[in-house]
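Down below is the structure, laid out as structure tokens.
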Amino acid sequence: MFGFLTGCNTGGKQTITAPAHDTAAAEMKIMIPRMVCYAGVVGNDSVFLKTEIFPNVVTGTLAYNFEAKDDSRGDIDGKLTGDTLIADYTFMAEGKTSIREIAFLLTDSSAIEGYGAMQEKEGKMVFSNKAGLNFGKGFVLHVISCPQQ
């Protein structure tokens, strides 16, 4: 596209051609996450995890349903490093909102919850030593079909 400008000069009219501008709209990419759901039951307690895995982040939901104590449910927001998901879990329990780090070892067929020492930092509970997480005693969740919403 060319534009023309007219200006005054002592020698008469002068025409200046402006450079062409690229008017094509920027290409928009819609990122569709890989969605995987997991569930596990131990006795009368159950856990449900829904992950939406993008290239840089993992989002989703997590719900704990316990027989002997209050349930909790909320959102996760974190990162997948190799096969380990570390995320902030923002949840409602006992009438208040809390945030704590969670960890899951993800495989093609399961998600195994990780545990480790925690400390409070900036208003949330975080793992003291992520390298020392124990995945041997946590809930084992198995891949299920994600419920339709």
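In table form, for the structure just shown:
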| read-out | value |
| --- | --- |
| The range 14-44, subset of a type outside the set (A, V, I, L, M, F, W, C) and modelled with pLDDT of 55 or more, residue nearest to Ser109 (Cα to Cα) | Tyr38 |
| Among residues of the range 49-59, those that are farther than 23 Å from Glu122 by Cβ, part of a strand (DSSP E or B) and either in contact with a helix residue (DSSP H, G or I) (Cβ under 8 Å, 6 or more places away or on another chain) or of a type outside the set (Asp, Glu) (or both), counted | 4 |
| Complete set of residues in the range 114-134 that are within 21 Å of the chain's Cα centre (by Cα) and either under 12 Å from Ile102 (Cβ atoms) or in contact (Cβ under 8 Å) with a residue 12 or more places away in the chain (or both) | Gly114, Tyr115, Gly123, Lys124, Met125, Val126, Phe127, Lys130, Leu133 |
| Complete set of residues in the range 60-71 that are outside any strand (DSSP E or B) and among the hydrophobic types (A, V, I, L, M, F, W, C) | Phe66, Ala68 |
| First in the range 94-106 and touching a residue at least 40 places away in the same chain (Cβ under 8 Å), second anywhere and of a type in the set (A, V, I, L, M, F, W, C), Cβ under 6 Å, 6 or more apart | Ile102/Ala87; Phe104/Leu85; Phe104/Ala111; Leu106/Leu85 |
| Failed item in (1) of a type in the set (D, E, K, R); (2) surrounded by fewer than 13 Cβ atoms within 10 Å (Cβ to Cβ); (3) within 15 Å of the chain's Cα centre (by Cα), with Lys96 passing the rest | (3) |
| Hits in the range 72-96 - residues which are at pLDDT below 90 and either β-branched (Val, Ile, Thr) or not in a strand (DSSP E or B) (or both) | Glu94, Gly95 |
| Residues (among the aliphatic types (A, V, I, L, M), part of a loop (DSSP other than H, G, I, E, B) and exposed (fewer than 11 other Cβ atoms within 10 Å of the Cβ)) located in the range 118-134 | none |
| In the range 135-149, the residues that are within 20 Å of the chain's Cα centre (by Cα) and either at pLDDT 90 or above or not in a loop (DSSP other than H, G, I, E, B) (or both) | Leu141, His142, Val143, Ile144, Ser145, Cys146 |
| Filter result (surrounded by fewer than 15 Cβ atoms within 10 Å (Cβ to Cβ) and on the phi > 0 side of the Ramachandran plot) within the range 49-91 | Gly82 |
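The values are calculated or read from the model by the stated rules, or taken from the named source; none is laboratory data. Just so we're clear, the structure is a prediction, and the values are computed from it rather than from any experiment. Don't worry about glycine lacking a Cβ; one is built from the backbone with ideal geometry, like all the others, and counts go over all protein chains shown.
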